[in-house]
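The structure appears right after this line, and notes come after that.
Here, each number is a calculation from the coordinates, and none is a lab measurement. The shown structure was predicted, so the numbers you read here are calculated from the model rather than taken from an experiment. When we count neighbours, we look across all protein chains shown, and the Cβ atoms used for this are built from the backbone with ideal geometry, even at glycine.
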Amino acid sequence: MFTHKLGLEYALEQDESDELKSYRNQFHLPKDQHGNNLIYMTGNSLGLQPKQTNAYVNKELDDWAKLGVEGHTTGDTPWLPYHEFLTKNMADVVGAKPIEVIVMNTLTTNLHLMMVSFYKPTKSRYKILIESDAFPSDKFAVESQLRHHGFDDQEGVIQWKPKENESLLRYEDLESILQKEGDQIALILIGGINYYTGQYFDLKRITKLGHHYGCKVGFDCAHAAGNVVLNLHDSGADFAVWCTYKYLNSGPGSLAGCFIHERHAHNKNLNRFTGWWSHNKATRFNMRDDFDQLPGAEGWQLSNPPILSMAAIKASLDLFEEVGIEKLVKKSQKITSYFEFLLKQLGEDTIRIITPSNPNSRGAQLSIQVKNANKTLHDQLTQAGIISDWREPDVIRCAPTPFYNSFEDVYFLVEQLKTILSMP
Ligand SMILES: *Cc1c(COP(=O)(O)O)cnc(C)c1O
């Protein structure tokens, strides 16, 4: 799909002709003690801070100082409907309809709330299918749901595993699990992009397959939101959850997103946990009314939310709105393929990229397995000014994010890697 050239000059040319090049300057880039920019490759772990975030958060602090409780209803960004200012942009980022999306809580909390509604085990159909290298929090959440319902937390989990000596998951293996045990599986929960390998799954295909066997299907899109074109609505998934502090650049521990498919928007019979924020906005403050469920994803809210965190999300989403996820993905595919091209020069005896080579089956991340490596390699990279992510036993994850990483970053990262591995 792309053809690249070696040498620094090519990298600089790509940066020069990059239509998104001005955005790098809209983020705070971490620096070393001499004031030089570090090469930041962990936007899949904690996205960098947009420079405009400060103003968005300070505006709400000022409103609070000036208005006190009146800030809920006055000012140009009143807090009562504040989450609504995020909905459209967030829906665009994940390819959903506004009624399907809500920003609330944190990711694992949302995952549990979704399982309250969509994991309804019976004696014969109670198992949960996850991918074998699922993110630990998801695995723990699933196990605790099994225990909560009185099932064995090991026997109740089915893992979709790669074939021996492979790293990526194959759909044929998922199909055979479902053929064999589909009628025992209540829920399929898959990471939209697997955090470890960077494999981006075909959400629609998995959903179709799951629904065919009568399973509910949900996705954890923590590594996918803001990173790939998601089309959550079209995927048909029952639900999805994601955090906003990775590719969505909204700050450490910031609020998470949640998607509930439109077909569940008006279903009042779905089991759910509720609070006053799930209740009809018009009568919420009457306080004495019987519960009146809000339609759509909003009806899963529990509490009035932390506005300062939402302000940071708004700052970031406004940037996404300005650029559009398609343009970001276009650069992401190009810079990631450039990264792959350079890495391949190191040779298969030295490194193996476990992330899929098809640009449509991955986002802005390459997981690099380095032969005979240990964590020293990661420490050496850090000393050389490269922030990357180490996963035991031998994988470095690097995310060349389109908003703020440059082709030059990628060039120097690979040069450093060569030096550390003592290659010519
Ligand atoms: C980052 C990440 C999490 C983190 O969960 P929190 O509740 O935000 O701490 C969970 N699952 C996946 C797949 C992740 O990538």
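For residue 49, list long-range residues whose amide hydrogen, built 1.01 Å from N in the peptide plane, is under 5 Å from its own amide hydrogen.
Placed amide hydrogens put 28 under 5 Å from residue 49.
If you keep only loop residues by DSSP, which trypsin sites (Lys or Arg not before Pro) in the range 159-268 have at most 14 other Cβ atoms within 10 Å of their Cβ?
163, 170, 268
Rounded to the nearest 0.05, what FRET efficiency do residue 163 and residue 9 give with R0 = 35 Å and r taken as the Cβ-Cβ distance? Could you check? Can you show the working numbers first?
Values: r = 42 Å, r/R0 = 1.19.
About 0.25, to the nearest 0.05.
Residue 52 versus residue 88, label points 7 Å from Cα toward the beta carbon: distance in nm?
Modelled inter-label distance: 1.5 nm.
Checking the table 180/208; 204/268; 139/334; 97/123; 163/330 against a 24 Å threshold on Cα-Cα, which pairs fail?
From the list (180/208; 204/268; 139/334; 97/123; 163/330), the Cα-Cα distance tops 24 Å for 204/268; 139/334; 97/123; 163/330.
Any chance you could run the full-extension gain for residue 360 through residue 263? It's 0.36 nm times the residue separation minus the Cα-Cα distance, nm to one decimal.
Details: separation 97, 0.36 × 97 = 34.92 nm, distance 2.76 nm.
Working it through step by step, the gained length comes to 32.2 nm.
In the range 58-322, if the dipole is taken from +1 on Lys/Arg beta carbons and -1 on Asp/Glu beta carbons about the Cα centre, which of 254, 86, 119 is farthest to the positive end?
119
Could you run the Debye sum over the Cα atoms of the range 188-248, one equal point scatterer each and no solvent, and tell me log10 of I(q)/I(0) at q = 0.15, 0.18, 0.25, 0.28 Å⁻¹, two decimals?
Once normalised to I(0) and log-transformed, intensities are -0.39, -0.55, -1.01, -1.21.
Could you name the aspartates and glutamates whose alpha carbon sits less than 14 Å from that of residue 327, not counting residues in the same chain fewer than 8 places away?
Excluding near neighbours in sequence, the set is 18, 19, 92.
Can you tell me which lysines have their Cα less than 19 Å from the Cα of residue 331? Leave out same-chain residues fewer than eight positions away.
5, 21, 246
Using modelled backbone amide H atoms (1.01 Å from N, in-plane), which distant-in-sequence or interchain residues come within less than 5 Å of residue 42's amide H?
The list, which skips near neighbours in sequence, is 399.
Among 248, 294, rank each residue by its count of other Cβ atoms within 10 Å, from fewest to most, as a rough exposure measure.
Taking fewest neighbouring Cβ atoms as first place, the list is 294, 248.
Grab every C-alpha pair in the range 285-415, bin the distances at 10 angstrom width from 0 up to the longest one, and report whole percents.
Histogramming the range 285-415 at 10 Å steps yields 10, 30, 24, 17, 11, 6, 2 percent.
Can you give me the convex hull volume of the Cα atoms of the range 1-105, divided per residue and expressed in Å³?
Enclosed volume per residue, from the Cα hull, is 195 Å³.
Taking amide H atoms as placed 1.01 Å from N in the peptide plane, list the residues 5 or more away in sequence, or in a different chain, whose amide H sits under 5 Å from that of residue 191.
Here the answer is 131, 220, since their amide H atoms fall under 5 Å of that of residue 191.
Report the full-extension gain for the segment residue 123 to residue 25: residue separation times 0.36 nm, less the Cα-Cα distance, to one decimal in nm.
Separation in residues times 0.36 nm, less the Cα-Cα distance, equals 29.6 nm.
Modelling each spin label as a point 7 Å along the Cα-to-Cβ direction, I'd like the residue 382/residue 322 distance in nm, to one decimal.
Each label point lies 7 Å from its Cα, and together they span 3.3 nm.
Kirkwood Rh over Cα pairs of the range 61-132 into Stokes-Einstein at 37 °C, 0.692 mPa s: D in µm²/s? Let's see the in-between values first.
Details: Rh = 15.5 Å.
After rounding, the answer is 212 µm²/s.
For the range 58-322, what's the relative contact order in percent, using C-alpha pairs closer than 8 Å and at least 6 residues apart?
With pairs under 8 Å counted, the relative contact order is 24 percent.
Per the Debye formula with a single identical scatterer at each Cα and no solvent contribution, what log10 I(q)/I(0) holds for the chain at q = 0.08, 0.11 Å⁻¹?
-0.47, -0.87
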